[in-house]
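Working notes, beginning with the structure itself.
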């Protein structure tokens, strides 16, 4: 599931103005965030119908992310029966507006077919007015940083290293999906997710726990060598073991350089071995 989490979603809902006959101009990003709140029940009763309507208005107004989110609602049958051709229609719409993840879904499910449109999405006045909010830092990044600062220390991992990895892997996009089916903030492939006990890789908190658990294992395995651990995160520990260092893959070499530009330390204290219970952290929740 595509999650666009923000630290002030609840604030937006609380600040929403009463219904008006002639609402003012709507900020598409904030409209999408309100749709997310309805879709996931964040601080408000979950309502797929409202989520669909708000995503629809934002998508018709040109918001690629809202189009992509509509695709995922149909893809997972949220509010309606699962409908792959309809999901592909919205992924195609998002891709046409430059959304790279929409393009990837079209390639990955190219045989699913595409409908001609969504009969439940009509151009009509938006029924909520949402105030402008000025921010200096992506709200997604703020809340991710909060989680990382709580999760990473439980695995003896420097939070700054985790943030650098997330930046390189997904640019803080909670719904990032690679052509190799790597998912979420830390781009966990299903095998890695299963290996470290992640039940839902699309849940950003679980995703971070799994990614940090893997970094913990890699830094322990490679005696704190950051470059080797990063190379293994990208290319697999087998490749690093085989070459006894960063493999001669251009992608992996660029990946390591990109992270080291943000996190210049090449040696990390070898993390203590922690029990699997570190994956718990029941006090944290994505929702």
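The values are calculated or read from the model by the stated rules, or taken from the named source; none is laboratory data. Predicted model, so just to flag it, every value in this text is computed and none were measured. Every residue, glycine as well, gets a Cβ built from its backbone with ideal geometry; the counts of neighbours run over all protein chains shown.
Here are the numbers:
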| item | result |
| --- | --- |
| Some residue of the stretch 192-206 being surrounded by fewer than 19 Cβ atoms within 10 Å (Cβ to Cβ) and part of a helix (DSSP H, G or I) | yes |
| Residue check for residue 74: at pLDDT 80 or above and not assigned by TED's automatic domain parsing to the domain that holds residue 200 | yes |
| Scan of the stretch 219-229 for residues that are within 16 Å of residue 164 (Cα to Cα) and either in contact (Cβ under 8 Å) with a residue 60 or more places away in the chain or assigned to a helix (DSSP H, G or I) (or both), ordered by number | 219, 226, 227, 228, 229 |
| Residue list for the stretch 41-71, restricted to those being out of contact with any helix residue (DSSP H, G or I) (no Cβ under 7 Å at 6 or more places or on another chain), in contact (Cβ under 8 Å) with a residue 40 or more places away in the chain and either farther than 23 Å from residue 97 by Cβ or not assigned by TED's automatic domain parsing to the domain that holds residue 102 (or both) | 41 |
| Criterion (over 18 Å from the mean Cα position of the chain (by Cα), under 20 Å from residue 28 (Cβ atoms) and buried (at least 16 other Cβ atoms within 10 Å of the Cβ)) met by exactly one of 64, 51 | 51 |
| Matching residues, the stretch 168-191, being buried (at least 17 other Cβ atoms within 10 Å of the Cβ) and in a helix (DSSP H, G or I) | 168, 169, 170 |
